[in-house]
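Readers should treat all values here as calculations from the given coordinates under stated rules, not as data from a laboratory. As the structure is a prediction and not an experimental result, all values here were calculated from the model. Cβ placement follows ideal geometry from the backbone for every residue including glycine, while neighbour counts extend to all protein chains displayed.
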Amino acid sequence: MAGVFLLTLLAFAAAAQTNSPLAGIQSRAEAGDARAQFDLGEIYFLGDGVRPSVIEAVLWYHRSAEQGFAPAQLFLARIYDSDAHGLKDPSEAARWYRKAASRGLAPAQFAMGLACENGRGVPANPDAAAGWYRKAAEQGDEEAQFRLGVLYYDGRGVPQDFVRAVNWWRKAAEQGKPEALFNLGLSALKGQGMAADQVEAYKWFTLAARQGSAMAEANRDALANGLTPERILEGRRRADAFVAAATGAVKPAKD
């Protein structure tokens, strides 16, 4: 009787395993479903119900990526771009970033811009970097917006243009990018790309400081030494008005 009971339990366990979500994903992945192959790669990468295995994850990401599934191409590129897994290969990372970028994924387009700007896995090419950054920036990627602004400021890959630099930094600033907020403060202080305005500079440094920039906080406080209390209040008012009009990524006043 005990033997029959044990066999029944084993049968139930086998049926449960066969009908589990993992088994379904595995079956579809083995049948060639690109999305299921990507999902199975994620399961092995995260160790979601299985023993974590980067090697197994890469195997399934590869199968999915080779079918043109852009998220798998992006994740595969990130693994080859990382120092964490013992598989770092900048050239292979750039190859898969390019494939995902060509399919319109903004994070991959930004990564390709970074690779082209720094010569990581591909020859350094500021013109190509600007092109990839623009594609990602136009999709709202704040990191690409910031880097494209830097290229315009420096005149690398694009003609030097402080106004365009400020315009791209402003877009990144609206998403709370501290470095963009800080650069806008410097631009207002120097009168590059916008009118020189110490109150405006105080506003941008205040916003960057709220995002955690220690350098912006130091610049704001140094600037405040030469401003009247009324102008400081105006700078804070402008900062609060910017927060109210932004997307919600910029932190409200705590100062």
Subject >> Computed E for Q67/R120 - FRET, C-beta separation, R0 25 angstrom, nearest 0.05 >> reply: 0.40
Subject >> Under Karplus coefficients 6.51, -1.76 and 1.60, residue-wise ³J(HN,Hα) of segment 62-75 in Hz, glycine/proline x >> reply: 4, 4, 6, 4, 5, 8, x, 7, 4, x, 5, 4, 5, 5
**OP:** Please work out whether segment 180-248 counts as rounded, prolate or oblate from its C-alpha gyration tensor, where a ≥ b ≥ c are the square roots of the eigenvalues and a/c under 1.5 means rounded, while otherwise a/b larger than b/c means prolate and anything else oblate?
**Re:** rounded
Original post:
What length, rounded to one decimal in nm, is gained on full extension from L87 through to R236, with 0.36 nm per residue of separation minus their alpha-carbon distance?
Top reply: 48.8 nm
**OP:** Place +1 on the Cβ of every Lys and Arg and -1 on the Cβ of every Asp and Glu in the chain, take the dipole about the Cα centre, and give the residue among L46, Q73, A100 whose Cα lies farthest towards its positive end.
**Re:** A100
**OP:** Give the total of Lys-Lys pairs in the chain with Cα-Cα distances below 20 Å; include a pair only if its members are 8 or more places apart or on different chains.
**Re:** 13
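Hey, got the dipole for the chain? About the Cα centre, +1 on K and R Cβ, -1 on D and E Cβ, debye to the nearest 20?
Numbers: 29 positive and 29 negative charges, 71 e Å.
I would put it at about 340 debye.
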